[in-house]
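Contents: one structure, followed by commentary.
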Amino acid sequence: MTQARQKITIFGSTGSIGKSTLDVIALHPDRFEVFALTARGNMEKLRQQCRQFNSPYAVLEDPQAAERLENELRKDGVSTEILCGQEGLIEMASRPEVDTVMAAIVGAAGLPSAFAAAQSGKKVLLANKEALVISGNLFMEAVAESGATLLPIDSEHNAIFQCLPEQNKRVDSQVRRILLTASGGPFRNLSLQELSAVTPEQACAHPNWSMGRKISVDSATMMNKGLELIEACWLFRVAPRDIQVVIHPQSIIHSMVEYIDGSVIAQMGSPDMKIPIANALGWPQRIVSGSAFLDLFEISRLDFAPPSEARFPCLRLAREAMEAGGACTIALNAANEVAVAAFLDGKCRFDQIPIIIEKTLESSETMPVQSLQHVLEMDAAARLRSGEILEQLN
Ligand code: NAD
Ligand code: MG
(Lines give C-alpha, C1' and ligand atoms only; values in the text may rest on other atoms or scores of the structure.)
(Ligands and ions follow the chains in the order given, each with its own letter.)
Protein backbone atom coordinates (compact mmCIF):
# COMPACT_ATOMS: atom_id res chain seq x y z
CA MET A 1 0.00 0.00 0.00
CA THR A 2 1.40 3.42 -0.87
CA GLN A 3 1.30 6.09 1.85
CA ALA A 4 -0.57 9.36 1.34
CA ARG A 5 1.74 12.25 0.52
CA GLN A 6 2.38 14.83 3.27
CA LYS A 7 0.75 18.17 2.41
CA ILE A 8 3.04 21.04 3.32
CA THR A 9 2.63 24.77 3.89
CA ILE A 10 5.90 26.71 3.65
CA PHE A 11 5.93 30.12 5.33
CA GLY A 12 8.67 32.27 3.80
CA SER A 13 9.11 30.04 0.74
CA THR A 14 11.14 32.68 -1.14
CA GLY A 15 13.76 32.96 1.63
CA SER A 16 16.92 30.98 2.20
CA ILE A 17 15.24 28.24 4.31
CA GLY A 18 12.12 28.25 2.15
CA LYS A 19 14.12 27.62 -1.03
CA SER A 20 16.18 24.85 0.58
CA THR A 21 12.93 23.23 1.77
CA LEU A 22 11.57 23.22 -1.78
CA ASP A 23 14.89 21.76 -3.02
CA VAL A 24 14.43 18.79 -0.66
CA ILE A 25 10.73 18.41 -1.49
CA ALA A 26 11.56 18.36 -5.22
CA LEU A 27 13.68 15.24 -4.60
CA HIS A 28 10.69 13.35 -3.11
CA PRO A 29 7.56 13.88 -5.22
CA ASP A 30 6.23 10.54 -3.92
CA ARG A 31 6.35 11.72 -0.27
CA PHE A 32 5.50 15.41 -0.21
CA GLU A 33 3.18 17.82 -1.95
CA VAL A 34 3.07 21.57 -1.56
CA PHE A 35 -0.20 22.96 -0.16
CA ALA A 36 0.72 26.65 0.26
CA LEU A 37 3.67 28.94 -0.40
CA THR A 38 4.08 32.42 1.09
CA ALA A 39 6.25 35.52 0.71
CA ARG A 40 6.29 39.13 1.77
CA GLY A 41 7.34 40.83 -1.44
CA ASN A 42 9.21 38.70 -3.94
CA MET A 43 6.27 38.15 -6.29
CA GLU A 44 8.31 36.89 -9.25
CA LYS A 45 9.99 34.16 -7.20
CA LEU A 46 6.66 33.15 -5.66
CA ARG A 47 5.09 32.96 -9.12
CA GLN A 48 7.87 30.69 -10.35
CA GLN A 49 7.54 28.46 -7.25
CA CYS A 50 3.73 28.20 -7.64
CA ARG A 51 4.22 27.08 -11.24
CA GLN A 52 6.95 24.58 -10.46
CA PHE A 53 5.14 22.98 -7.52
CA ASN A 54 1.59 23.54 -8.76
CA SER A 55 0.69 24.95 -5.37
CA PRO A 56 -3.08 25.12 -4.67
CA TYR A 57 -2.61 28.21 -2.43
CA ALA A 58 -0.17 31.07 -1.93
CA VAL A 59 -0.11 34.08 0.38
CA LEU A 60 1.33 37.55 -0.21
CA GLU A 61 1.30 40.39 2.31
CA ASP A 62 -0.27 43.03 0.07
CA PRO A 63 -3.85 42.49 -1.32
CA GLN A 64 -3.16 44.27 -4.63
CA ALA A 65 0.00 42.26 -5.24
CA ALA A 66 -2.01 39.12 -4.41
CA GLU A 67 -4.59 39.93 -7.07
CA ARG A 68 -1.89 40.67 -9.64
CA LEU A 69 -0.13 37.38 -8.91
CA GLU A 70 -3.36 35.42 -9.25
CA ASN A 71 -3.97 36.99 -12.68
CA GLU A 72 -0.40 36.33 -13.84
CA LEU A 73 -0.69 32.70 -12.78
CA ARG A 74 -4.00 32.29 -14.63
CA LYS A 75 -2.17 33.39 -17.79
CA ASP A 76 0.42 30.68 -17.07
CA GLY A 77 -2.43 28.13 -16.78
CA VAL A 78 -1.86 27.70 -13.00
CA SER A 79 -4.93 27.87 -10.77
CA THR A 80 -3.26 28.84 -7.47
CA GLU A 81 -5.61 30.73 -5.17
CA ILE A 82 -3.83 33.73 -3.63
CA LEU A 83 -4.69 34.93 -0.14
CA CYS A 84 -3.23 37.94 1.61
CA GLY A 85 -2.00 39.24 4.94
CA GLN A 86 -1.68 37.66 8.37
CA GLU A 87 -5.19 36.14 8.07
CA GLY A 88 -4.16 34.29 4.93
CA LEU A 89 -1.07 32.94 6.69
CA ILE A 90 -3.08 31.76 9.69
CA GLU A 91 -5.60 30.01 7.45
CA MET A 92 -2.78 28.18 5.65
CA ALA A 93 -1.34 27.09 9.02
CA SER A 94 -4.55 25.61 10.30
CA ARG A 95 -6.50 24.16 7.34
CA PRO A 96 -7.40 20.50 8.06
CA GLU A 97 -5.78 19.27 4.80
CA VAL A 98 -2.34 20.48 5.97
CA ASP A 99 -0.08 17.88 7.62
CA THR A 100 3.18 19.81 7.96
CA VAL A 101 4.09 23.47 8.32
CA MET A 102 7.56 24.88 7.70
CA ALA A 103 7.78 28.12 9.74
CA ALA A 104 10.55 30.05 7.95
CA ILE A 105 9.47 33.68 8.09
CA VAL A 106 12.20 35.82 9.64
CA GLY A 107 11.65 37.66 12.92
CA ALA A 108 8.69 38.23 15.24
CA ALA A 109 6.51 38.67 12.12
CA GLY A 110 6.49 34.87 11.87
CA LEU A 111 4.99 34.30 15.32
CA PRO A 112 1.21 34.41 14.66
CA SER A 113 1.40 31.91 11.77
CA ALA A 114 3.83 29.56 13.56
CA PHE A 115 1.64 29.76 16.66
CA ALA A 116 -1.47 28.91 14.64
CA ALA A 117 0.30 25.80 13.30
CA ALA A 118 1.24 24.77 16.86
CA GLN A 119 -2.33 25.30 18.08
CA SER A 120 -3.71 23.26 15.18
CA GLY A 121 -1.70 20.15 16.10
CA LYS A 122 0.39 20.11 12.91
CA LYS A 123 3.84 18.71 12.41
CA VAL A 124 5.67 22.04 12.91
CA LEU A 125 9.14 22.43 11.41
CA LEU A 126 10.43 25.47 13.25
CA ALA A 127 13.12 27.60 11.61
CA ASN A 128 11.72 30.88 12.96
CA LYS A 129 13.67 30.89 16.25
CA GLU A 130 12.41 34.39 17.12
CA ALA A 131 8.92 32.89 17.65
CA LEU A 132 10.20 30.71 20.50
CA VAL A 133 12.42 33.45 21.89
CA ILE A 134 9.47 35.79 22.40
CA SER A 135 6.69 33.36 23.29
CA GLY A 136 8.50 30.23 24.57
CA ASN A 137 6.15 29.24 27.40
CA LEU A 138 2.96 29.94 25.41
CA PHE A 139 4.30 28.22 22.30
CA MET A 140 5.35 25.07 24.17
CA GLU A 141 1.97 25.02 25.97
CA ALA A 142 0.15 25.26 22.62
CA VAL A 143 2.23 22.33 21.28
CA ALA A 144 1.46 20.22 24.38
CA GLU A 145 -2.26 21.02 24.34
CA SER A 146 -2.82 20.34 20.63
CA GLY A 147 -0.49 17.32 20.41
CA ALA A 148 1.55 19.02 17.64
CA THR A 149 4.92 17.51 16.73
CA LEU A 150 7.58 20.21 17.03
CA LEU A 151 10.80 19.54 15.13
CA PRO A 152 13.71 22.00 15.18
CA ILE A 153 15.21 23.18 11.88
CA ASP A 154 17.97 25.37 13.32
CA SER A 155 21.00 23.17 12.59
CA GLU A 156 22.21 23.21 16.21
CA HIS A 157 18.84 22.29 17.68
CA ASN A 158 18.24 19.66 15.05
CA ALA A 159 21.67 18.24 15.94
CA ILE A 160 20.83 18.24 19.67
CA PHE A 161 17.52 16.53 18.88
CA GLN A 162 19.42 13.84 16.96
CA CYS A 163 21.87 13.35 19.88
CA LEU A 164 19.28 13.11 22.70
CA PRO A 165 18.43 9.73 24.28
CA GLU A 166 16.57 7.59 21.70
CA GLN A 167 14.02 6.38 24.30
CA ASN A 168 12.38 9.76 24.93
CA LYS A 169 14.18 12.50 22.91
CA ARG A 170 14.34 14.58 26.11
CA VAL A 171 17.02 16.00 28.37
CA ASP A 172 16.61 13.48 31.21
CA SER A 173 18.79 12.46 34.18
CA GLN A 174 21.28 10.73 31.86
CA VAL A 175 22.22 14.03 30.22
CA ARG A 176 24.86 16.25 31.86
CA ARG A 177 24.70 19.26 29.54
CA ILE A 178 24.25 20.54 26.02
CA LEU A 179 27.21 21.80 24.00
CA LEU A 180 25.87 24.43 21.58
CA THR A 181 28.37 25.08 18.80
CA ALA A 182 28.92 28.46 17.12
CA SER A 183 31.11 29.29 14.15
CA GLY A 184 31.93 32.65 15.74
CA GLY A 185 30.85 34.42 12.54
CA PRO A 186 33.01 36.42 10.14
CA PHE A 187 34.49 38.71 12.84
CA ARG A 188 35.63 36.04 15.29
CA ASN A 189 39.17 37.40 15.42
CA LEU A 190 38.58 41.17 15.10
CA SER A 191 39.49 43.61 17.90
CA LEU A 192 36.85 45.82 19.55
CA GLN A 193 38.09 48.77 17.51
CA GLU A 194 37.94 46.85 14.22
CA LEU A 195 34.38 45.75 15.08
CA SER A 196 33.21 49.39 15.13
CA ALA A 197 34.05 49.83 11.43
CA VAL A 198 32.47 46.75 9.83
CA THR A 199 30.01 47.26 6.97
CA PRO A 200 26.68 45.47 6.24
CA GLU A 201 28.31 43.71 3.25
CA GLN A 202 31.09 42.32 5.46
CA ALA A 203 28.55 41.27 8.11
CA CYS A 204 26.39 39.45 5.57
CA ALA A 205 29.29 37.41 4.14
CA HIS A 206 29.31 34.43 6.49
CA PRO A 207 32.35 32.16 6.08
CA ASN A 208 30.43 28.82 6.23
CA TRP A 209 26.69 29.34 5.76
CA SER A 210 24.64 31.13 3.11
CA MET A 211 21.65 32.74 4.87
CA GLY A 212 19.20 35.66 4.88
CA ARG A 213 20.59 39.10 5.77
CA LYS A 214 19.08 39.41 9.27
CA ILE A 215 20.41 36.07 10.54
CA SER A 216 23.78 36.79 8.90
CA VAL A 217 24.13 39.98 10.97
CA ASP A 218 22.93 38.05 14.05
CA SER A 219 25.71 35.53 13.43
CA ALA A 220 28.27 38.31 13.17
CA THR A 221 27.19 39.91 16.50
CA MET A 222 26.69 36.43 18.02
CA MET A 223 23.12 37.41 18.90
CA ASN A 224 22.22 34.40 16.76
CA LYS A 225 23.87 32.21 19.40
CA GLY A 226 22.09 34.15 22.14
CA LEU A 227 18.72 33.59 20.45
CA GLU A 228 19.65 29.93 19.98
CA LEU A 229 20.52 29.58 23.67
CA ILE A 230 17.00 30.79 24.53
CA GLU A 231 15.51 28.59 21.81
CA ALA A 232 17.31 25.54 23.27
CA CYS A 233 16.07 26.34 26.79
CA TRP A 234 12.45 26.19 25.59
CA LEU A 235 12.78 23.27 23.19
CA PHE A 236 14.68 21.02 25.57
CA ARG A 237 13.36 22.37 28.90
CA VAL A 238 16.76 23.31 30.31
CA ALA A 239 18.20 26.40 32.01
CA PRO A 240 20.93 28.61 30.47
CA ARG A 241 23.46 27.09 32.92
CA ASP A 242 22.86 23.64 31.35
CA ILE A 243 24.17 24.90 28.00
CA GLN A 244 27.82 25.58 27.14
CA VAL A 245 28.49 27.58 23.99
CA VAL A 246 31.52 26.23 22.12
CA ILE A 247 33.21 28.15 19.29
CA HIS A 248 33.87 25.71 16.46
CA PRO A 249 34.94 27.69 13.38
CA GLN A 250 34.58 24.89 10.80
CA SER A 251 30.79 24.36 11.42
CA ILE A 252 31.12 20.61 10.88
CA ILE A 253 29.84 19.56 14.31
CA HIS A 254 26.41 21.17 14.63
CA SER A 255 26.10 20.64 18.42
CA MET A 256 26.57 17.92 21.03
CA VAL A 257 24.99 16.27 24.06
CA GLU A 258 27.22 15.29 26.98
CA TYR A 259 26.08 12.33 29.10
CA ILE A 260 26.80 11.53 32.77
CA ASP A 261 29.04 8.60 31.79
CA GLY A 262 31.41 11.01 30.01
CA SER A 263 30.22 10.20 26.48
CA VAL A 264 29.72 13.16 24.16
CA ILE A 265 27.45 12.52 21.17
CA ALA A 266 27.90 14.93 18.27
CA GLN A 267 26.04 15.35 14.99
CA MET A 268 28.24 16.23 12.03
CA GLY A 269 27.57 17.15 8.44
CA SER A 270 28.26 19.72 5.74
CA PRO A 271 27.12 23.23 6.68
CA ASP A 272 23.99 22.95 4.52
CA MET A 273 20.48 23.57 5.86
CA LYS A 274 19.07 20.89 3.54
CA ILE A 275 20.38 18.32 6.07
CA PRO A 276 18.30 19.43 9.10
CA ILE A 277 15.38 20.22 6.77
CA ALA A 278 15.42 16.68 5.31
CA ASN A 279 15.87 15.26 8.81
CA ALA A 280 12.71 16.98 10.02
CA LEU A 281 10.68 16.41 6.83
CA GLY A 282 11.39 12.68 6.87
CA TRP A 283 11.42 12.17 10.66
CA PRO A 284 11.40 9.53 12.12
CA GLN A 285 12.89 8.13 8.90
CA ARG A 286 15.99 9.46 7.16
CA ILE A 287 15.63 10.63 3.58
CA VAL A 288 18.04 11.92 0.92
CA SER A 289 18.71 15.67 1.37
CA GLY A 290 20.69 16.39 -1.78
CA SER A 291 23.53 17.83 0.32
CA ALA A 292 27.19 17.02 -0.33
CA PHE A 293 28.62 14.24 1.86
CA LEU A 294 31.41 15.08 4.31
CA ASP A 295 34.98 14.55 3.21
CA LEU A 296 36.74 14.03 6.54
CA PHE A 297 40.18 13.83 4.94
CA GLU A 298 39.71 17.20 3.35
CA ILE A 299 38.45 18.74 6.63
CA SER A 300 41.32 16.99 8.49
CA ARG A 301 40.93 18.93 11.77
CA LEU A 302 38.26 20.42 14.03
CA ASP A 303 38.95 23.30 16.45
CA PHE A 304 37.16 24.41 19.62
CA ALA A 305 37.42 27.53 21.81
CA PRO A 306 35.38 29.33 24.50
CA PRO A 307 33.30 32.36 23.38
CA SER A 308 34.42 35.93 24.25
CA GLU A 309 31.52 37.79 25.88
CA ALA A 310 33.65 40.95 26.12
CA ARG A 311 33.84 41.29 22.34
CA PHE A 312 30.38 39.82 21.70
CA PRO A 313 28.11 41.20 24.46
CA CYS A 314 24.94 39.99 22.69
CA LEU A 315 25.51 36.49 24.00
CA ARG A 316 25.58 37.77 27.60
CA LEU A 317 22.52 39.99 27.00
CA ALA A 318 20.53 37.01 25.72
CA ARG A 319 21.51 34.81 28.65
CA GLU A 320 20.61 37.56 31.14
CA ALA A 321 17.26 38.20 29.42
CA MET A 322 16.39 34.48 29.60
CA GLU A 323 17.39 34.34 33.27
CA ALA A 324 15.34 37.46 34.06
CA GLY A 325 12.31 35.91 32.30
CA GLY A 326 8.94 37.51 31.55
CA ALA A 327 8.94 40.02 28.72
CA CYS A 328 12.74 40.48 28.76
CA THR A 329 13.31 38.11 25.84
CA ILE A 330 10.59 39.96 23.89
CA ALA A 331 12.45 43.25 24.46
CA LEU A 332 15.77 41.60 23.57
CA ASN A 333 14.43 40.31 20.27
CA ALA A 334 12.53 43.48 19.35
CA ALA A 335 15.54 45.71 20.08
CA ASN A 336 17.76 43.38 18.08
CA GLU A 337 15.40 43.48 15.06
CA VAL A 338 15.27 47.30 15.21
CA ALA A 339 19.05 47.63 15.63
CA VAL A 340 19.91 45.11 12.87
CA ALA A 341 17.52 46.81 10.42
CA ALA A 342 19.10 50.18 11.30
CA PHE A 343 22.61 48.77 10.79
CA LEU A 344 21.65 47.27 7.41
CA ASP A 345 20.18 50.68 6.47
CA GLY A 346 23.39 52.51 7.41
CA LYS A 347 21.65 54.19 10.38
CA CYS A 348 23.88 52.82 13.15
CA ARG A 349 27.30 51.22 13.59
CA PHE A 350 27.81 47.50 14.11
CA ASP A 351 29.10 48.01 17.67
CA GLN A 352 26.01 50.10 18.54
CA ILE A 353 23.72 47.07 18.09
CA PRO A 354 24.38 45.67 21.61
CA ILE A 355 24.16 49.19 23.11
CA ILE A 356 20.63 49.66 21.72
CA ILE A 357 19.62 46.23 23.03
CA GLU A 358 21.09 46.76 26.50
CA LYS A 359 19.38 50.16 26.89
CA THR A 360 16.04 48.71 25.76
CA LEU A 361 16.38 45.88 28.26
CA GLU A 362 16.91 48.32 31.15
CA SER A 363 13.20 49.16 31.17
CA SER A 364 11.66 45.78 30.35
CA GLU A 365 9.30 43.84 32.60
CA THR A 366 9.92 40.47 34.23
CA MET A 367 6.22 39.67 34.71
CA PRO A 368 5.11 36.48 32.90
CA VAL A 369 3.33 37.05 29.58
CA GLN A 370 -0.18 35.57 29.43
CA SER A 371 -1.35 35.56 25.81
CA LEU A 372 -0.24 35.90 22.21
CA GLN A 373 -1.92 39.31 22.10
CA HIS A 374 0.12 40.38 25.13
CA VAL A 375 3.35 39.18 23.42
CA LEU A 376 2.56 41.26 20.33
CA GLU A 377 1.80 44.34 22.46
CA MET A 378 5.05 44.00 24.42
CA ASP A 379 6.91 43.52 21.13
CA ALA A 380 5.42 46.72 19.68
CA ALA A 381 6.20 48.69 22.86
CA ALA A 382 9.83 47.48 22.91
CA ARG A 383 10.23 48.45 19.22
CA LEU A 384 9.10 51.98 20.04
CA ARG A 385 11.58 52.21 22.94
CA SER A 386 14.50 50.95 20.86
CA GLY A 387 13.55 53.33 18.03
CA GLU A 388 13.84 56.25 20.49
CA ILE A 389 17.16 54.94 21.83
CA LEU A 390 18.45 54.70 18.25
CA GLU A 391 17.45 58.35 17.60
CA GLN A 392 19.26 59.51 20.74
CA LEU A 393 22.46 57.72 19.71
CA ASN A 394 22.81 59.76 16.52
P1 NAD B 1 15.22 35.17 4.54
O2 NAD B 1 15.28 36.62 4.79
O3 NAD B 1 16.09 34.57 3.51
O4 NAD B 1 13.70 34.76 4.18
C5 NAD B 1 12.61 35.21 4.92
C6 NAD B 1 11.29 34.78 4.28
O7 NAD B 1 10.21 35.30 5.09
C8 NAD B 1 11.07 35.34 2.87
O9 NAD B 1 10.31 34.42 2.13
C10 NAD B 1 10.24 36.62 3.12
O11 NAD B 1 9.44 36.98 2.00
C12 NAD B 1 9.39 36.18 4.30
N13 NAD B 1 9.04 37.32 5.16
C14 NAD B 1 9.89 38.24 5.69
N15 NAD B 1 9.21 39.12 6.45
C16 NAD B 1 7.90 38.76 6.39
C17 NAD B 1 6.71 39.31 6.94
N18 NAD B 1 6.72 40.42 7.70
N19 NAD B 1 5.54 38.67 6.67
C20 NAD B 1 5.51 37.58 5.89
N21 NAD B 1 6.61 37.02 5.34
C22 NAD B 1 7.80 37.61 5.58
O23 NAD B 1 15.45 34.46 5.97
P24 NAD B 1 16.08 33.02 6.26
O25 NAD B 1 17.55 33.12 6.35
O26 NAD B 1 15.46 31.98 5.37
O27 NAD B 1 15.58 32.79 7.75
C28 NAD B 1 14.23 32.44 8.07
C29 NAD B 1 14.15 32.03 9.53
O30 NAD B 1 14.91 30.83 9.69
C31 NAD B 1 14.74 33.05 10.51
O32 NAD B 1 13.99 33.05 11.67
C33 NAD B 1 16.13 32.51 10.77
O34 NAD B 1 16.62 32.86 12.05
C35 NAD B 1 15.89 31.00 10.70
N36 NAD B 1 17.08 30.22 10.34
C37 NAD B 1 17.68 30.42 9.14
C38 NAD B 1 18.83 29.70 8.82
C39 NAD B 1 19.50 29.88 7.47
O40 NAD B 1 20.48 29.19 7.21
N41 NAD B 1 19.07 30.77 6.62
C42 NAD B 1 19.35 28.78 9.72
C43 NAD B 1 18.70 28.59 10.93
C44 NAD B 1 17.56 29.31 11.24
MG1 MG C 1 21.66 27.90 13.89
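The values are calculated or read from the model by the stated rules, or taken from the named source; none is laboratory data. Remember, it's a predicted structure, so these values are computed and weren't measured experimentally. Cβ: placed from backbone, ideal geometry, glycine included. Neighbour counts: every protein chain shown. What goes into the accessible areas is simple: the full protein's heavy atoms, side chains included, and nothing from ligands, DNA or RNA. Shrake-Rupley method; radii C 1.70, N 1.55, O 1.52, S 1.80 Å.
Structure notes:
- The range 361-377 - residue that is in a helix (DSSP H, G or I) and free of Cβ contacts under 8 Å to residues at least 60 places away in the same chain and, of those, least open to solvent (accessible area, probe 1.4 Å): L361
Results for (1) among the small types (G, A, S); (2) within 30 Å of L227 (Cα to Cα), shown as yes or no for each residue.
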| position | (1), (2) |
| --- | --- |
| T9 | no, yes |
| K19 | no, yes |
| D23 | no, yes |
| P29 | no, no |
| A39 | yes, yes |
| N42 | no, yes |
| V78 | no, no |
| M92 | no, yes |
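- Selected residue [under 17 Å from A321 (Cβ atoms), touching a Leu at 6+ places or on another chain (Cβ under 8 Å) and within 10 Å of ligand 1 (Cβ to nearest atom)] from A131, A103: A131
- Given (1) in contact (Cβ under 8 Å) with a residue 60 or more places away in the chain; (2) part of a loop (DSSP other than H, G, I, E, B); (3) open to solvent by 30 Å² or more (accessible area, probe 1.4 Å), number of the condition S289 does not satisfy: (3)
- Of the residues examined, S251 is not one that is open to solvent by less than 30 Å² (accessible area, probe 1.4 Å), among the hydroxyl-bearing types (S, T, Y), in contact with a Gly (Cβ under 7 Å, 6 or more places away or on another chain) and modelled with pLDDT of 95 or more.
- Residues that are part of a loop (DSSP other than H, G, I, E, B) and not small (G, A, S) within the range 92-112 comprise R95, P96, E97, V98, D99, I105, V106, listed in sequence order.
- All conditions in (1) open to solvent by 20 Å² or more (accessible area, probe 1.4 Å); (2) out of contact with any strand residue (DSSP E or B) (no Cβ under 9 Å at 6 or more places or on another chain) hold for A142, with the sole exception of (1).
- Filter pass, L83 being of a type outside the set (V, I, T), crowded, with 18+ Cβ neighbours inside 10 Å and not in a helix (DSSP H, G or I): yes
- None of V78, V101, V34, V59 is more than 29 Å from G147 (Cα to Cα), assigned by TED's automatic domain parsing to the domain that holds S135 and β-branched (V, I, T) except V78.
- Taken across the range 223-240, residues that are more than 13 Å from ligand 2 (Cβ to nearest atom) and in contact with a Gly (Cβ under 8 Å, 6 or more places away or on another chain) do occur, with at least one present.
- Tally, over the range 3-28, of residues that are of a type in the set (S, T, Y) and either part of a strand (DSSP E or B) or not assigned by TED's automatic domain parsing to the domain that holds I90 (or both): 1
- A single member of E258, E309, E298 is over 22 Å from the mean Cα position of the chain (by Cα) and assigned to a helix (DSSP H, G or I), and it is E298.
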